[in-house]
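Take a look at the structure set out below.
The values are calculated or read from the model by the stated rules, or taken from the named source; none is laboratory data. Bear in mind the structure is a predicted one, so any value in this text is a computation, not a measurement. A quick note on method: Cβ atoms are made from the backbone with ideal geometry, for glycine too, and the neighbour counts reach across all protein chains shown. Just the protein is used for accessible areas: all its heavy atoms, side chains included, with ligands, DNA and RNA removed. Shrake-Rupley method; radii C 1.70, N 1.55, O 1.52, S 1.80 Å.
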Amino acid sequence: MQGLLVILTIVIATITTVAMIPVLRIKWFTAPLHARFKRVLPRLSETEQQALNAGTIGWDGQLFSGNPDWQQLHSTPSSRLSREEQAFIDGPVNHLCHMIDDWQVTHKDHDLPPEAWSYIRKEGFFGMILPREWGGLEFSNLAHSEVVMKLATHSITAAVTVMVPNSLGPGKLLLHYGTDAQKKKWLPKLANGTDIPCFALTGPQAGSDAGSLPDTGVVCVEKHQGKETLGLRLNWEKRYITLGPVATLIGLAFRCLDPDHLLGEKEDLGITVALIPRNTNGVEIGERHIPLNIPFMNGPNRGRDVFIPLDNIIGGREGIGMGWTMLVESLSEGRGISLPALSTGAGKAACCFTGAYAAIRRQFNQPIGRFEGIEEPLARIAGLTYQMDAARRLTLDYLDQGEKPSVVSAIIKYHLTEKYRTVINDAMDIQGGSGICLGPSNLIGRVYQAIPIAITVEGANILTRSMIIFGQGAIRCHPWVLKEFSAVHNSNQNQGIIDFDKALLGHASFLLGNSARVFVRGMTSGRSARVPASRVERYYQTLSWMSTALALSADVAMMTLGGSLKRRERLSARLGDVLSELYLSSSVLRQYREQGETTEEYPLVRWTLQESLYRMQESFRSLYRNMPNRSLAWLLRLLTFPRGYLFSEPSDKAAHEAAAVLLKPSRIREQLIKGVFIHPDTSHKTALLERTFRLADDVSRIERRLKQLRREGKLDSRQLDEQISEAAANGMLSSQEQQLYRDYLELSAAVVRVDAFRDYTQSGQDHNHSHQLAGGAA
């Protein structure tokens, strides 16, 4: 036994000596491991490398560290609308909403009215992000988001029309990458709407795999405007291009080829972006797709032997091959603004309209919102909308600080559009027949129809979840993995081994630290984590614990599966889900802190955090159940959840209190529905709903008094309207209260009516309102 201990001591001493002496460590350990990694790790494609290098890392990196610094989150400056931006929202945005009859747009005209198009151009909606020096409004990202969000609560068609030129399009690309001459030539015309832009990326053979673009631009010399010109001969076929049918300037992504070596020795010069005026010879444009009957302009375009000079390449000759970097960085900004704004707008609309409907619509002599079965979806509508708005605001704050958060933008694009789907499905369930009968009075039907559009565009959600969020996040956000990747692929072998050695030591320390930290935090349910003093301190601690669990689980998954993790999309998606929920929960904590951690807001905070923690736990549970190395999976489960799985779905009490936020007027409800367009015409359904909703709270007090009088034997009538008359006649209700109740009955009857048409084929022009109450929960 003593001899065995001596041998073991010698082995440990030898390993320690080798590890502590760099020359020996590199020779006997690092160099062989470097060689093995080089053989095993897949070579990154050019587009993958550009995607990894694009964008910036912020709070997502902290969450991946396993020990987030919450003070860093709270020190991020909050964006505020300027007076000019607020005036634009209160003026031109409201006026544009007022101009648009969305039923007329979607059911009859299949387009915005000509006066709306003119107004959009005149007021600079297409140039919100462009600097004043080029004729734009130079609005912040927050203002851009607020404009799209308000438009989305009234007309999805208008919201999409305005958001596309301000997100991923020629304007943004020119602003960041264009030459001075290109900016001078095109930006003023884009700002004032003389040119309408579109961006053509997706084609029949290249959808999610945009790196496999078959569209080409071949370097050649042709006669252009009377003289021999070096340029590109373009051939392409694109589809699903928003604003394509009306665009006058096409931003085109293609693969640049130089078979005759006119520019150098390389033949495939990479993905490139150029600007093509609509009237260029060979351009075919103008057909329309019909995206689920939401009639924003969208359609295919193609080009056959279209010649452009090299000056039309964004960035000029230096922009050749830079297209993927341009797209990834611009997309990280655009999809962090537009679709999250549209999704949050849909959530706010559901809070406002469906919440009011649930407070007004009665069954079994009480508002349907008081039934527990209705409270559950109402709580989801309120809680998820609060979370969407918090995540939207946090991301906009990063963008307004100049960040380009590529991983975060993927998180909120995916999760906010999915929560939009959940919220509107819940709203449809609550509204029943009144939700499914289309007509001018249906405020959620078109929003429901548009759900798959938001899910699909700017990165299909299935791909975003299964491949991008964790696939990109693991490498970009991890403090050591990208350094290891770079070292392995370093063309300088010796320097690569030295860099790999440094990264490996750092990674080993990171792994060991998180292994110990996660067990301690698991045993204490996060209480060992140092967090800011707060009313919700326990949630900070628990999220710190989940961050450590993510860091360790991600490390183990990457180390054991290596490059095959890229193909194990379900495992990758579950890790991405945890990262996403951590980001969404962080945004909720930040918003709650900024609002002063009020008691009134707490029900929404509690519901969202309980929901997110449960989702994280279930993602970990599924991850561990499906990891191929069962022993390691069991060990991970023991380290991260040593006391078992502790989280559950939001409690009944939490759901009840969250749902109650939508059922009566309050400051927090006003905050939740801020940005919803309420029509100034008092007969419009939005105005009617809101007016009736505000009366409902006063009426409920009258009803409680009548019930009390009935219990005391002071009223003989059984029917509510008869009780009102009897109580008024006996002086138990004032004449004002009696009239208030009569008014409420008339208004509530109007609220629950649904549209019906004399002639279905003429429903866009001639309709009357049915006096039959909707079926189902409605």
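Some observations on this one:
- Region 676-702 residues that are farther than 20 Å from SER434 by Cβ, paired with ones that are among the β-branched types (Val, Ile, Thr) (beta carbon under 9 Å, 6 or more apart): ILE702/ILE724
- Meets criteria (at pLDDT 95 or above and part of a loop (DSSP other than H, G, I, E, B)) for HIS154: yes
- Region 646-664, residues that are in a helix (DSSP H, G or I) and buried (at least 16 other Cβ atoms within 10 Å of the Cβ): ALA654, ALA655, HIS656, GLU657, ALA658, ALA659, ALA660
- Filter result for VAL531 (open to solvent by 10 Å² or more (accessible area, probe 1.4 Å), of a type outside the set (Lys, Arg) and either within 30 Å of THR599 (Cα to Cα) or assigned by the TED database to the domain that holds MET627 (or both)): yes
- Scanning region 70-83 for residues that are open to solvent by 70 Å² or more (accessible area, probe 1.4 Å), at pLDDT 95 or above and in a loop (DSSP other than H, G, I, E, B) yields a total of 1.
- Considering the conditions (1) part of a helix (DSSP H, G or I); (2) free of Cβ contacts under 8 Å to residues at least 12 places away in the same chain, GLU138 is excluded by exactly one of them, (1).
- The residues of region 613-645 that are small (Gly, Ala, Ser) and open to solvent by 70 Å² or more (accessible area, probe 1.4 Å) amount to a single one, SER631.
So that you can scan it fast, the table gives a plain yes or no per residue for (1) of a type in the set (Ser, Thr, Tyr); (2) assigned by the TED database to the domain that holds LYS404; (3) open to solvent by 10 Å² or more (accessible area, probe 1.4 Å); (4) in contact with a Ser or Thr (Cβ under 6 Å, 6 or more places away or on another chain):
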residue	(1), (2), (3), (4)
VAL447	no, yes, yes, no
THR456	yes, yes, yes, no
PRO479	no, no, yes, no
PHE485	no, no, yes, no
GLY496	no, no, no, no
ALA503	no, no, no, no
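- Residues of region 731-742 that turn out to be open to solvent by less than 60 Å² (accessible area, probe 1.4 Å) and either acidic (Asp, Glu) or in a helix (DSSP H, G or I) (or both), as a count: 4
- Hits in region 509-528 - residues which are among the aliphatic types (A, V, I, L, M) and open to solvent by 50 Å² or more (accessible area, probe 1.4 Å): LEU512, ALA516, VAL520, MET523
- Those helices (runs of 4 or more DSSP H) lying entirely in region 665-730 with at least 2 residues over 27 Å from GLN431 (Cβ atoms): 685-711, 720-729
- Considering residues of region 750-774 that are within 22 Å of ILE368 (Cβ to Cβ) and open to solvent by 40 Å² or more (accessible area, probe 1.4 Å) only, the residue modelled with the highest pLDDT: ARG753
- Applying the criterion of at least 3 residues that are out of contact with any helix residue (DSSP H, G or I) (no Cβ under 7 Å at 6 or more places or on another chain) to the helices (runs of 4 or more DSSP H) found wholly in region 306-405 leaves 323-334, 372-400.
- PHE199 satisfies every condition listed in (1) at pLDDT 95 or above; (2) in a strand (DSSP E or B) except (1).
- Qualifying residue in region 323-330 (condition: small (Gly, Ala, Ser) and either within 12 Å of the chain's Cα centre (by Cα) or open to solvent by 10 Å² or more (accessible area, probe 1.4 Å) (or both)): no
- Members of region 528-550 found to be of a type in the set (A, V, I, L, M, F, W, C) and under 20 Å from LEU579 (Cα atoms), listed by number: ALA529, VAL531, LEU543, TRP545, MET546, ALA549, LEU550
- Residues in region 507-528 that are at pLDDT below 90, under 33 Å from the mean Cα position of the chain (by Cα) and either of a type in the set (A, V, I, L, M) or not assigned by the TED database to the domain that holds VAL481 (or both): LEU511 only.
- So ARG621, is it basic (Lys, Arg), farther than 25 Å from PRO340 by Cα and without any contact (Cβ under 8 Å) to a residue 12 or more places away in the chain: no
- Of all residues in region 553-579, those that are farther than 19 Å from PHE510 by Cα and in a helix (DSSP H, G or I) have Cβ atoms under 7 Å from Cβ atoms of residues that are of a type in the set (S, T, N, Q) and open to solvent by less than 10 Å² (accessible area, probe 1.4 Å), 6 or more apart or on another chain, in LEU565/SER572.
- Count - residues of region 203-230 that are surrounded by fewer than 22 Cβ atoms within 10 Å (Cβ to Cβ), assigned to a strand (DSSP E or B) and not acidic (Asp, Glu): 11
- Test for ILE276: is it over 23 Å from GLY171 (Cβ atoms) and of a type in the set (A, V, I, L, M, F, W, C): no
- Out of LEU715, LEU720, LEU706, LEU646, sole residue that is closer than 21 Å to TYR357 by Cβ and of a type outside the set (Ser, Thr, Tyr): LEU720
- Checking GLY323, GLY319, GLY303, GLY334 one by one, the residue that is in contact with a Ser or Thr (Cβ under 6 Å, 6 or more places away or on another chain), among the small types (Gly, Ala, Ser) and closer than 13 Å to PHE254 by Cβ is GLY323 and no other.
- Qualifying residues in region 112-129 (those that are in a loop (DSSP other than H, G, I, E, B) and modelled with pLDDT of 95 or more) - the one most open to solvent (accessible area, probe 1.4 Å): GLU123
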